[in-house]
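Okay, so here's the structure we're looking at.
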Amino acid sequence: ALNLEAYDLVQALRSKRQRVDEAVAAMNDRKTGSVEGGEAAGPAPVTDYAAQGLALRMAMARAVEAEDYKEAARLKAAMQALEVEAHAAADSKAQVTGGADFTPRLRLGQRCYHAQ
């Protein structure tokens with residue numbers, strides 16, 4: 001009787017684990033934009049340059065520890081390209097918003113009068 005109860009518990013856990021794995025796979029598909037039909041599920045993902053830079057630094061440090069200098073050089077070049085891309089994104093954002101000293105002309109709740 002104990003084995004049968006344990007078997008039922010294990011089967012229930014397996015089915016729950018399978019549902020969780022399917023949900024995680026579906027979330028990852030939505031996150032990467034790969035949806036059946038070939039169209040993205042939503043807007044393009046926002047690039048997190050800081051997180052990518054840290055990941056590249058960690059990978060470069062591991063490559064140096066392993067004395068894989070070709071890989072470390074490739075990762076360094078990737079970090080430099082990411083830095084250039086981040087600066088370009090910051091410059092384009094500054095152009096759209098009007099620079100660092102951008103202040104909106106109207107405040108929330110401010111009354112505006114239109115010329116007639």
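Residues that are modelled with pLDDT of 80 or more and touching a Leu at 6+ places or on another chain (Cβ under 8 Å): does region 79-93 have at least one?
Within region 79-93, one or more residues are modelled with pLDDT of 80 or more and touching a Leu at 6+ places or on another chain (Cβ under 8 Å).
Please go through region 7-57 and give me each residue that is at pLDDT below 80, over 30 Å from Val84 (Cβ atoms) and open to solvent by less than 70 Å² (accessible area, probe 1.4 Å), ordered by number.
Val35 - this is the single residue of region 7-57 that is at pLDDT below 80, over 30 Å from Val84 (Cβ atoms) and open to solvent by less than 70 Å² (accessible area, probe 1.4 Å).
Please go through region 65-89 and pick out each residue that is assigned to a helix (DSSP H, G or I) and open to solvent by 70 Å² or more (accessible area, probe 1.4 Å).
Listed by number, the residues that qualify are Glu65, Tyr69, Lys70, Arg74, Lys76, Gln80, Glu83, Val84, Glu85, His87.
The values are calculated or read from the model by the stated rules, or taken from the named source; none is laboratory data. Fair warning: this is a prediction, and the values are worked out from it, not measured in the lab. Note that each Cβ is placed from the backbone with ideal geometry, even for glycine, and that neighbours are counted across all protein chains shown. SASA here: full protein model, heavy atoms, side chains in, ligands and nucleic acids out. Shrake-Rupley method; radii C 1.70, N 1.55, O 1.52, S 1.80 Å.
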